[in-house]
Amino acid sequence: MNINSEKTTSDIMIIKLDDRVDTFSAPNLRAHFSKLLAQGRANFIVDLSDATFLDSAGLAALVKLLKDSREKGGNVKIILPENKSVRRIFSLTKFDRVFDIQLTVPMAVGAF
Amino acid sequence: MEMKKTDQIELTIPANHKYLNIVSACLEALFERDEILKKNKDDFYAIQLGVHEACTNVVDHAYKDIKDANIYIKIELWSEPARLIVDIRDTGESFDPEQIPSPDFGGLQIRGFGIHLVHQLMDGVIYFSAKDGNHWCLTKHF
(Lines give C-alpha, C1' and ligand atoms only; values in the text may rest on other atoms or scores of the structure.)
Protein backbone atom coordinates (compact mmCIF):
# COMPACT_ATOMS: atom_id res chain seq x y z
CA MET A 1 0.00 0.00 0.00
CA ASN A 2 1.23 3.50 -0.84
CA ILE A 3 0.00 6.57 1.05
CA ASN A 4 -0.08 9.91 -0.77
CA SER A 5 -1.31 12.93 1.16
CA GLU A 6 -1.96 16.43 -0.07
CA LYS A 7 -3.60 19.44 1.49
CA THR A 8 -6.25 21.47 -0.32
CA THR A 9 -6.48 25.25 -0.03
CA SER A 10 -9.48 24.73 2.23
CA ASP A 11 -7.33 22.76 4.70
CA ILE A 12 -8.78 19.38 3.84
CA MET A 13 -6.33 16.49 3.74
CA ILE A 14 -6.72 14.21 0.73
CA ILE A 15 -5.19 10.80 1.40
CA LYS A 16 -4.92 8.45 -1.55
CA LEU A 17 -4.39 4.76 -0.83
CA ASP A 18 -3.72 2.09 -3.43
CA ASP A 19 -3.18 -1.66 -3.67
CA ARG A 20 -3.94 -3.65 -0.47
CA VAL A 21 -5.21 -1.79 2.58
CA ASP A 22 -4.97 -4.67 5.01
CA THR A 23 -3.87 -5.94 8.38
CA PHE A 24 -0.21 -5.69 7.33
CA SER A 25 -0.38 -2.10 6.10
CA ALA A 26 -2.87 -0.87 8.75
CA PRO A 27 -0.23 0.02 11.41
CA ASN A 28 1.48 2.40 8.96
CA LEU A 29 -1.86 3.88 8.03
CA ARG A 30 -2.88 4.42 11.67
CA ALA A 31 0.49 6.09 12.36
CA HIS A 32 0.02 8.37 9.35
CA PHE A 33 -3.48 9.35 10.48
CA SER A 34 -2.26 9.99 14.05
CA LYS A 35 0.49 12.26 12.76
CA LEU A 36 -1.95 14.33 10.71
CA LEU A 37 -4.41 14.57 13.62
CA ALA A 38 -1.55 15.68 15.92
CA GLN A 39 -0.75 18.41 13.39
CA GLY A 40 -4.27 19.73 13.90
CA ARG A 41 -5.92 18.29 10.79
CA ALA A 42 -9.57 17.39 11.26
CA ASN A 43 -11.11 17.09 7.79
CA PHE A 44 -10.09 14.20 5.56
CA ILE A 45 -10.91 12.67 2.22
CA VAL A 46 -9.69 9.09 1.90
CA ASP A 47 -9.50 8.17 -1.76
CA LEU A 48 -9.72 4.39 -2.17
CA SER A 49 -10.39 4.51 -5.91
CA ASP A 50 -7.14 2.62 -6.65
CA ALA A 51 -7.40 0.22 -3.71
CA THR A 52 -7.69 -3.40 -4.79
CA PHE A 53 -8.34 -4.96 -1.38
CA LEU A 54 -9.64 -3.73 1.98
CA ASP A 55 -9.95 -5.96 5.04
CA SER A 56 -11.46 -5.40 8.49
CA ALA A 57 -8.14 -4.06 9.87
CA GLY A 58 -7.89 -1.49 7.07
CA LEU A 59 -11.51 -0.55 7.64
CA ALA A 60 -10.85 -0.26 11.39
CA ALA A 61 -8.10 2.30 10.68
CA LEU A 62 -10.63 4.37 8.70
CA VAL A 63 -13.26 4.11 11.46
CA LYS A 64 -10.68 5.23 14.06
CA LEU A 65 -9.86 8.22 11.85
CA LEU A 66 -13.56 9.07 11.64
CA LYS A 67 -13.94 8.87 15.45
CA ASP A 68 -10.85 11.02 16.05
CA SER A 69 -11.73 13.60 13.42
CA ARG A 70 -15.28 13.97 14.76
CA GLU A 71 -13.85 14.57 18.24
CA LYS A 72 -11.96 17.48 16.69
CA GLY A 73 -15.09 18.77 14.98
CA GLY A 74 -14.10 17.37 11.60
CA ASN A 75 -15.23 14.62 9.28
CA VAL A 76 -13.99 11.91 6.88
CA LYS A 77 -15.35 11.42 3.38
CA ILE A 78 -14.58 8.30 1.40
CA ILE A 79 -14.14 7.71 -2.34
CA LEU A 80 -14.70 4.06 -3.26
CA PRO A 81 -13.38 2.26 -6.34
CA GLU A 82 -15.77 1.31 -9.12
CA ASN A 83 -15.19 -2.40 -8.58
CA LYS A 84 -17.61 -3.88 -6.11
CA SER A 85 -14.96 -5.69 -4.09
CA VAL A 86 -13.96 -2.87 -1.74
CA ARG A 87 -17.54 -1.57 -1.72
CA ARG A 88 -18.75 -4.90 -0.37
CA ILE A 89 -16.94 -4.71 2.99
CA PHE A 90 -18.52 -1.29 3.58
CA SER A 91 -22.00 -2.68 2.93
CA LEU A 92 -21.49 -5.93 4.92
CA THR A 93 -20.36 -3.97 7.97
CA LYS A 94 -22.94 -1.23 7.32
CA PHE A 95 -20.21 1.43 7.41
CA ASP A 96 -21.59 2.64 4.07
CA ARG A 97 -24.29 4.24 6.28
CA VAL A 98 -21.78 5.74 8.71
CA PHE A 99 -19.24 7.28 6.33
CA ASP A 100 -20.10 9.99 3.85
CA ILE A 101 -19.34 8.16 0.57
CA GLN A 102 -18.66 10.45 -2.38
CA LEU A 103 -18.13 9.62 -6.06
CA THR A 104 -15.12 11.84 -6.76
CA VAL A 105 -12.56 13.90 -4.85
CA PRO A 106 -13.95 17.26 -6.18
CA MET A 107 -17.43 16.22 -5.06
CA ALA A 108 -16.05 15.27 -1.63
CA VAL A 109 -14.25 18.63 -1.32
CA GLY A 110 -17.47 20.38 -2.22
CA ALA A 111 -19.39 18.36 0.37
CA PHE A 112 -17.42 19.84 3.32
CA MET B 1 -24.63 -37.98 -6.84
CA GLU B 2 -20.92 -38.73 -6.80
CA MET B 3 -18.74 -36.08 -5.23
CA LYS B 4 -15.54 -35.57 -7.15
CA LYS B 5 -12.42 -33.73 -6.06
CA THR B 6 -10.71 -32.23 -9.08
CA ASP B 7 -7.66 -30.52 -7.62
CA GLN B 8 -5.99 -29.75 -4.32
CA ILE B 9 -3.41 -27.13 -3.43
CA GLU B 10 -1.62 -26.94 -0.09
CA LEU B 11 0.17 -23.93 1.34
CA THR B 12 2.15 -23.56 4.54
CA ILE B 13 2.87 -19.97 5.52
CA PRO B 14 4.40 -18.38 8.62
CA ALA B 15 1.66 -17.05 10.91
CA ASN B 16 2.43 -13.42 10.20
CA HIS B 17 0.28 -10.68 8.68
CA LYS B 18 3.13 -10.06 6.24
CA TYR B 19 2.51 -13.31 4.38
CA LEU B 20 -1.29 -13.34 4.11
CA ASN B 21 -1.13 -11.74 0.66
CA ILE B 22 0.39 -15.02 -0.56
CA VAL B 23 -2.93 -16.75 0.10
CA SER B 24 -4.79 -14.06 -1.87
CA ALA B 25 -2.31 -14.39 -4.74
CA CYS B 26 -2.78 -18.16 -4.81
CA LEU B 27 -6.57 -17.82 -4.96
CA GLU B 28 -6.29 -15.18 -7.68
CA ALA B 29 -4.06 -17.49 -9.76
CA LEU B 30 -6.61 -20.29 -9.37
CA PHE B 31 -9.42 -18.01 -10.54
CA GLU B 32 -7.38 -17.16 -13.65
CA ARG B 33 -6.86 -20.77 -14.75
CA ASP B 34 -9.62 -23.02 -13.41
CA GLU B 35 -12.59 -23.25 -15.80
CA ILE B 36 -15.27 -23.34 -13.08
CA LEU B 37 -13.72 -20.49 -11.10
CA LYS B 38 -13.25 -18.40 -14.26
CA LYS B 39 -17.01 -18.53 -14.76
CA ASN B 40 -17.56 -17.35 -11.18
CA LYS B 41 -15.16 -14.41 -11.09
CA ASP B 42 -17.64 -12.40 -8.97
CA ASP B 43 -17.03 -14.82 -6.10
CA PHE B 44 -13.29 -14.19 -6.06
CA TYR B 45 -13.38 -11.21 -3.71
CA ALA B 46 -15.75 -12.94 -1.27
CA ILE B 47 -13.49 -15.99 -1.06
CA GLN B 48 -10.32 -13.91 -0.93
CA LEU B 49 -11.61 -11.73 1.92
CA GLY B 50 -13.30 -14.61 3.79
CA VAL B 51 -10.12 -16.70 3.76
CA HIS B 52 -7.98 -13.66 4.63
CA GLU B 53 -10.14 -12.77 7.65
CA ALA B 54 -10.04 -16.35 8.95
CA CYS B 55 -6.23 -16.41 8.59
CA THR B 56 -6.00 -13.02 10.34
CA ASN B 57 -8.03 -14.49 13.20
CA VAL B 58 -5.53 -17.34 13.46
CA VAL B 59 -2.56 -14.93 13.60
CA ASP B 60 -4.24 -12.56 16.08
CA HIS B 61 -5.90 -15.08 18.39
CA ALA B 62 -4.80 -18.71 17.96
CA TYR B 63 -1.14 -17.68 17.82
CA LYS B 64 -1.46 -14.52 19.94
CA ASP B 65 1.32 -15.54 22.36
CA ILE B 66 3.10 -18.03 20.11
CA LYS B 67 6.01 -17.19 17.82
CA ASP B 68 7.42 -19.18 14.87
CA ALA B 69 4.10 -20.84 14.11
CA ASN B 70 2.62 -21.81 10.75
CA ILE B 71 -0.77 -21.72 9.11
CA TYR B 72 -1.60 -24.79 7.02
CA ILE B 73 -4.01 -24.06 4.17
CA LYS B 74 -5.60 -26.67 1.92
CA ILE B 75 -7.62 -25.48 -1.07
CA GLU B 76 -9.84 -28.14 -2.64
CA LEU B 77 -11.80 -27.85 -5.86
CA TRP B 78 -14.78 -30.18 -6.17
CA SER B 79 -17.16 -30.86 -9.03
CA GLU B 80 -20.66 -32.35 -8.93
CA PRO B 81 -21.64 -30.10 -7.24
CA ALA B 82 -19.02 -27.48 -8.02
CA ARG B 83 -17.56 -25.92 -4.95
CA LEU B 84 -14.34 -24.68 -3.39
CA ILE B 85 -13.36 -25.75 0.12
CA VAL B 86 -10.59 -24.04 2.06
CA ASP B 87 -9.32 -25.73 5.21
CA ILE B 88 -7.24 -23.41 7.41
CA ARG B 89 -5.44 -25.25 10.21
CA ASP B 90 -3.47 -23.92 13.15
CA THR B 91 -1.82 -25.56 16.16
CA GLY B 92 -2.45 -22.67 18.54
CA GLU B 93 -5.16 -21.87 21.05
CA SER B 94 -8.69 -22.91 20.16
CA PHE B 95 -11.72 -20.77 20.87
CA ASP B 96 -15.48 -21.05 20.98
CA PRO B 97 -16.97 -19.19 17.98
CA GLU B 98 -20.33 -19.10 19.79
CA GLN B 99 -18.80 -16.75 22.35
CA ILE B 100 -17.94 -14.12 19.74
CA PRO B 101 -20.44 -11.25 20.12
CA SER B 102 -22.15 -9.85 17.03
CA PRO B 103 -20.75 -6.51 15.88
CA ASP B 104 -22.53 -3.31 16.86
CA PHE B 105 -23.74 -2.07 13.47
CA GLY B 106 -24.37 1.59 12.93
CA GLY B 107 -21.94 2.76 15.61
CA LEU B 108 -18.22 3.34 15.47
CA GLN B 109 -17.07 -0.07 16.71
CA ILE B 110 -13.52 -0.50 15.51
CA ARG B 111 -12.82 -4.22 16.01
CA GLY B 112 -14.76 -7.45 15.91
CA PHE B 113 -15.99 -7.63 12.30
CA GLY B 114 -13.64 -10.37 11.06
CA ILE B 115 -15.68 -13.46 11.99
CA HIS B 116 -18.92 -11.74 10.96
CA LEU B 117 -17.38 -11.14 7.52
CA VAL B 118 -16.26 -14.75 7.16
CA HIS B 119 -19.85 -15.92 7.74
CA GLN B 120 -21.29 -13.30 5.39
CA LEU B 121 -18.85 -14.01 2.56
CA MET B 122 -18.78 -17.82 2.55
CA ASP B 123 -21.64 -20.32 2.04
CA GLY B 124 -20.40 -22.68 4.74
CA VAL B 125 -18.26 -21.96 7.80
CA ILE B 126 -17.30 -24.69 10.25
CA TYR B 127 -14.78 -24.33 13.08
CA PHE B 128 -13.58 -27.37 14.98
CA SER B 129 -10.64 -28.59 17.02
CA ALA B 130 -9.04 -31.97 16.23
CA LYS B 131 -5.89 -33.86 17.20
CA ASP B 132 -3.88 -32.12 14.50
CA GLY B 133 -5.07 -28.63 15.49
CA ASN B 134 -7.92 -26.18 14.97
CA HIS B 135 -9.64 -25.98 11.61
CA TRP B 136 -11.60 -23.31 9.83
CA CYS B 137 -13.42 -25.10 7.01
CA LEU B 138 -14.83 -22.58 4.54
CA THR B 139 -17.00 -23.57 1.57
CA LYS B 140 -18.22 -21.64 -1.46
CA HIS B 141 -20.71 -23.26 -3.83
CA PHE B 142 -20.88 -22.42 -7.54
Problem set entry | Accessible surface of residue B:141 - all protein chains present, 1.4 Å probe, nearest 10 Å² | 100
Exercise. Which net charge results when you count Lys and Arg as +1 and Asp and Glu as -1 among the other residues whose beta-carbon is under 10 Å from that of residue B:9?
Worked result: -2
Exercise. So what's the net charge close to residue A:34: Lys and Arg +1, Asp and Glu -1, counting the other residues with Cβ under 15 Å from its Cβ?
Worked result: +4
Problem set entry | Accessible area of chain A divided out per residue, in Å², using a probe of 1.4 angstrom | 45
Exercise. Could you give the length gained on full extension between residue B:96 and residue B:12, defined as 0.36 nm per residue of separation minus the Cα-Cα distance, in nm?
Worked result: 27.8 nm
Exercise. Under a plain spin-label model, where a point goes 7 Å from the Cα along Cα-to-Cβ, how far apart in nm are residue B:104 and residue A:38?
Worked result: 2.8
Exercise. How high is the relative contact order of chain A, in percent, counting Cα pairs under 8 Å that sit 6 or more residues apart?
Worked result: 25
Seminar exercise, completed: With all protein chains present and a 1.4 Å probe, the order of B:76, B:98 from largest accessible area down is B:98, B:76
Exercise. Can you give the relative contact order of region B:4-141 as a percent, counting alpha carbon pairs under 8 Å and 6+ residues apart?
Worked result: 28
For this session: Give the ranking of B:95, A:99 by solvent-accessible surface, highest area first, calculated with a 1.4 Å probe.
Result: B:95, A:99
For this session: Could I have the simple spin-label model distance between residue A:28 and residue A:4, label points 7 Å from Cα toward Cβ, reported in nm to one decimal?
Result: 1.5
Seminar exercise, completed: At R0 = 30 Å the Cβ-Cβ FRET efficiency linking residue A:72 and residue A:97, nearest 0.05, sits at 0.85
For this session: Might you report the magnitude of the Cβ-based charge dipole of chain A about its Cα centre, with Lys and Arg at +1 and Asp and Glu at -1, to the nearest 20 debye?
Result: 340
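The values are calculated or read from the model by the stated rules, or taken from the named source; none is laboratory data. Predicted model, so just to flag it, every value in this text is computed and none were measured. Positions of Cβ are backbone-derived with ideal geometry, glycine not excepted, and every protein chain shown enters the neighbour counts. Surface accessibility is based on the protein's heavy atoms, side chains included, excluding ligands, DNA and RNA. Shrake-Rupley method; radii C 1.70, N 1.55, O 1.52, S 1.80 Å.
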